[in-house]
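The values are calculated or read from the model by the stated rules, or taken from the named source; none is laboratory data. Just so it is clear, the structure is predicted and the values come from calculations on it, not from any experiment. Because the Cβ atoms are built from the backbone with ideal geometry, glycine has one as well, and the counts that use them run over all protein chains shown. Keep in mind that these areas ignore ligands, DNA and RNA; they rest on the heavy atoms of the full protein, side chains included. Shrake-Rupley method; radii C 1.70, N 1.55, O 1.52, S 1.80 Å.
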Amino acid sequence: MIRPQAILLKNGRIIDPANRIDKKGSLLVDKGKIQAVFTSRQKTPSFPKKLLSVDLKGKWIVPGLIDMHVHLREPGEEYKETIETGCRAAAAGGFTAVACMPNTNPVNDCQSVTRLILEKSENAYARVYPVGAISKGLQGESLAEFGEMKQAGAVAVTDDGKPVTDSQLMRRALEYASSHTIKVISHSEDFNLSRNGAMNEGFTSTSMGLKGIPHIAEEIMVYRDLALAGYTGSPLHLAHISTKESINLIRLAKQKGYPVTAETAPHYFSLTEDAVKNYNTSAKMNPPLRTQQDLEEVINALKDGTIDVIATDHAPHSILEKDIEFDQAANGIIGLETAVPLALALFRNGHIDAARMVELLSAGPARILGVNGGSRSIGTAADITVIDPERSFILHEKDIVSKSKNSPFIGAKLQGRAILTICGGRITHNLLSA
Ligand SMILES: [Zn+2]
Ligand SMILES: [Zn+2]
C-alpha cells in the first residue's frame, strides 16, 4: 500500500473554481492534507524535512477530479474490470474519486453489497462512492431500501443501464430519495422506442442496414423525469445527456427552478455517429453517438451551465462482448483515461475556460453527490490532479490501465493529460519524469 508523503508542488497554475482561485502559486501537502497554498510573494511556510519537491511551471494544479458515473463491474464481472483495476485506471486518467453504478452481479440494491464495494475499495487508488439501485434487482418493480444503502455509504440511487419504466415507481423513488436526502440519477431511455437499436436512427443507420435508436427515445424520458422532479420538488440528476432536444428540455426546467442537474460524457462532445461507419463496436454505446448538431448543442450546454458535469460512463467490456457482430455487441466504452484530453479540447478550441473545465470535472460532481472534494481548501484531504495541457500522446492499447480496452480513441493522438494524481496525500499516478 502506498503511503502519504510530504509533497511540494511549486510554481504551477492553481485552479480552484469552488474558491474562485486561478493564479500562479505553490501548494504543500503533508500528512494526507493540504497544509498551505501560497504565491511567490507570500511568506513561505516551513517545510517538513523529507519532502518531494516538483516544479510545475506551465502545469495546472487542480482539485482531484471526480467521475460520478463509472461501471467498475465488481462484484460479478471481474474479467472486465475490478474495483482495483478500475481505480488504477481512474488514477491514470487524473481522477481521485469515482461513483460506481449498481448494475453489478449481485446488484448493489442493499447494504451488504454497498459495504462489500466499500471494503474492497479501502486500499484502492481512488475513493469509491457506491451508487445504489432504485429498484430491487433493477427489476423496476419495487423500491430498494434507500435509507439502509445510504447508511452503508451509498451516495445516490439509479437503475442505470435500464430506465425506470413505471412512472409511478419513479415518482415514489424521487419522493422517497428526497426524504433520505439521497439523489436519484435517471438513465433516460424509452425502452419501447430504443429496443434492439444499435446506433442513432437516421440516414447513416439506414445506409448501414442497422436498426436505429431515435433521439426521442431519450427525450421522452428526460421530459417525464423532469416533469416528475418539478411535480414532486425532489432533486433529480440526468445521466449521459446526448441530444439537442434533451438539452432544450433541461434548460427550460432549470429556468422554471426545478431541482435538476445533468451530465454528459466526453464522447458526446468529441464524436458523432460517423464513428460507427466502419462497424467499429468500440464506438457502440447507449445512448448512441448522435449528429453534429447534437454535438454542438452539448458543447453549448457545457458552456452555459445547462449541463453541470462531465462524467465518463466508463463501461469496460472484454472482446467476448465487443469482438462480435455490431448489432450483437455490448454497449459502452471505457472513458477514465481519455476524459482529460477530450475535455481539454473544449478549452483549446475556446469553448470553455480552464476554470469551467475543472468545475465540470470536480466541483460539479462533488456538489451534486454531496461528497468531499472538488476544492482545495487548506486542511482538506490532499486530493490533487496535476494536468499538463501541452503533453500529447498516442493512446496505445498496451498502455491502457483499465482491464478492458474498448475505446474508440485507440490509435488517436490526444493532447493534454494528467501527469500526477494525488489521493489523500498518496501518489497514485506519476508521469513527471516520463
Ligand atoms: Zn445509463
Ligand atoms: Zn452507465
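Where strands (runs of 3 or more DSSP E) fall entirely within segment 51-127, those with at least 1 residues that are open to solvent by 50 Å² or more (accessible area, probe 1.4 Å) and in contact with a strand residue (DSSP E or B) (Cβ under 7 Å, 6 or more places away or on another chain) are at 52-55. In a residue-by-residue description of segment 325-337, the property of being modelled with pLDDT of 95 or more, over 24 Å from Pro288 (Cβ atoms) and acidic (Asp, Glu) applies to no position. If the condition is being out of contact with any strand residue (DSSP E or B) (no Cβ under 7 Å at 6 or more places or on another chain), in a loop (DSSP other than H, G, I, E, B) and open to solvent by 90 Å² or more (accessible area, probe 1.4 Å), then segment 189-217 contributes Arg195, Asn196, Lys211.
Regarding segment 234-241, can at least one residue be identified that is under 24 Å from Cys100 (Cβ atoms), more than 14 Å from ligand 1 (Cβ to nearest atom) and surrounded by fewer than 22 Cβ atoms within 10 Å (Cβ to Cβ)? Within segment 234-241, one or more residues are under 24 Å from Cys100 (Cβ atoms), more than 14 Å from ligand 1 (Cβ to nearest atom) and surrounded by fewer than 22 Cβ atoms within 10 Å (Cβ to Cβ).
Among residues of segment 310-334 that are in contact (Cβ under 8 Å) with a residue 12 or more places away in the chain, those with a Cβ under 9 angstrom from a residue that is within 14 Å of ligand 1 (Cβ to nearest atom) and part of a helix (DSSP H, G or I), sequence gap 6+ or separate chain, pair up as Thr312/His267; Asp313/His267; Ile333/His267. For segment 22-33, a tally of residues being touching a residue at least 40 places away in the same chain (Cβ under 8 Å), open to solvent by less than 70 Å² (accessible area, probe 1.4 Å) and within 21 Å of Asp388 (Cα to Cα) returns 2.
Within segment 156-168, is there a residue that is within 16 Å of ligand 2 (Cβ to nearest atom), in contact (Cβ under 8 Å) with a residue 40 or more places away in the chain, crowded, with 23+ Cβ neighbours inside 10 Å and within 24 Å of Cys423 (Cβ to Cβ)? The answer is yes; a qualifying residue exists. In a residue-by-residue description of segment 305-316, the property of being within 14 Å of ligand 1 (Cβ to nearest atom) and part of a helix (DSSP H, G or I) applies to no position.
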